[in-house]
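The values are calculated or read from the model by the stated rules, or taken from the named source; none is laboratory data. Remember, predicted model here, so these are calculated numbers, not experimental data. Cβ placement follows ideal geometry from the backbone for every residue including glycine, while neighbour counts extend to all protein chains displayed. Ligands, DNA and RNA are stripped out before the accessible areas are found, and what is left, the full protein with its side chains, is counted by its heavy atoms. Shrake-Rupley method; radii C 1.70, N 1.55, O 1.52, S 1.80 Å.
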Amino acid sequence: MRRFIRENSLTLAFGLAFLLALLGQALAGWADFNDQLAVDGLQRIGFPAYLASSDFGVDVAENWQSEYLQFFLFIFATVWLLQRGSPESKELHKAGTETDAEQRTGRHADADSPRWAATAGWRGGVYSRSLGIVMALLFLLSWLAQSISGTAAHDEQQLRDLQDPIAWHQYVTSADFWSRTLQNWQSEFLAVASMAILSVYLRQRGSPESKPVGAPHDATGVEG
């Protein structure tokens, strides 16, 4: 067990942090939601009811979709786009999908390579892009969840204000939907751009997200 925890500590630590943050968000959101209900003269709801509500769903989904969009775009963009001196970039001469020999696919696969890495045809092609594909699917699913739960939350507020609800296709073209969406996207894009350029000149000893402390600023694709 100790060995398992050590070898998976990065995933386990961030997974635990995620659960704690999600619980904290749920508790704070529940309190805020009930405060709003009290202002509107409505009955407060219990914690399980809040977890099943569209308000909680849209708040969670809108954050998830922006995070998965960031990773999806970063994974695909870094195939071709480069940043001289950044460990977040490949070496400058390796732009593109690289050769089968460099990627150890097909007949160049090693004995311990994943089975699909040595497979030709569509399975090998899909596996060679599987990380980006899964991130794209998670982004689309969470964005869909945001739009559906956002429509329900918006319509619930409309009914409280004695106004007509709107359909899903109207909500996804509304200012409320795009305000929620773009305020998350811009922060993700800023974070990626900041990481790419700041890691050219700054260091974090021992981190694979940083170059070695003594590496020159123009060293590209080098991890600490």
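Only one of these is open to solvent by 60 Å² or more (accessible area, probe 1.4 Å) and within 16 Å of ASP59 (Cα to Cα): LEU131, LEU141. Name it.
None of the others qualify; the one that does is LEU141.
I'd like the residue in segment 185-211 that is part of a loop (DSSP other than H, G, I, E, B) and either more than 19 Å from LYS90 (Cβ to Cβ) or without any contact (Cβ under 8 Å) to a residue 60 or more places away in the chain (or both) and, out of all such residues, is least open to solvent (accessible area, probe 1.4 Å).
Only one residue tops the list, namely SER207.
Residues to consider are ILE166, ILE148; find the one that is in a loop (DSSP other than H, G, I, E, B) and touching a Ser or Thr at 6+ places or on another chain (Cβ under 9 Å).
ILE166
From the residues in segment 65-89 that are of a type in the set (Phe, Trp, Tyr) and surrounded by fewer than 18 Cβ atoms within 10 Å (Cβ to Cβ), which one is nearest to the chain's Cα centre (by Cα)?
If we take residues in segment 65-89 being of a type in the set (Phe, Trp, Tyr) and surrounded by fewer than 18 Cβ atoms within 10 Å (Cβ to Cβ), then PHE76 is nearest to the chain's Cα centre (by Cα).
May I ask you to verify whether ALA136 is in a helix (DSSP H, G or I) and in contact with a Ser or Thr (Cβ under 7 Å, 6 or more places away or on another chain)?
no
Of the residues in segment 66-107, how many are free of Cβ contacts under 8 Å to residues at least 40 places away in the same chain, closer than 23 Å to ALA120 by Cα, assigned to a helix (DSSP H, G or I) and not basic (Lys, Arg)?
Summing the residues that are free of Cβ contacts under 8 Å to residues at least 40 places away in the same chain, closer than 23 Å to ALA120 by Cα, assigned to a helix (DSSP H, G or I) and not basic (Lys, Arg) in segment 66-107 gives 6.
Of everything in segment 32-54, what is part of a helix (DSSP H, G or I), surrounded by 12 or more Cβ atoms within 10 Å (Cβ to Cβ) and more than 31 Å from the chain's Cα centre (by Cα)? Give them in sequence order.
Within segment 32-54, just LEU37 meets the criteria.
From the residues in segment 145-184 that are surrounded by 14 or more Cβ atoms within 10 Å (Cβ to Cβ) and closer than 28 Å to THR78 by Cα, which one is modelled with the lowest pLDDT?
ARG180
For segment 58-112, enumerate the residues that are of a type in the set (D, E, K, R) and within 30 Å of ALA21 (Cα to Cα).
Across segment 58-112, the qualifying residues are ASP59, GLU62, GLU67, GLU88.
So which residues in segment 96-105 are open to solvent by less than 50 Å² (accessible area, probe 1.4 Å) and not β-branched (Val, Ile, Thr), if there are any at all?
Result: GLY96, single match.
I'd like the full set of residues that are over 17 Å from the mean Cα position of the chain (by Cα) and among the charged types (D, E, K, R), limited to segment 173-208.
Within segment 173-208, ASP176, ARG203, ARG205 qualify.
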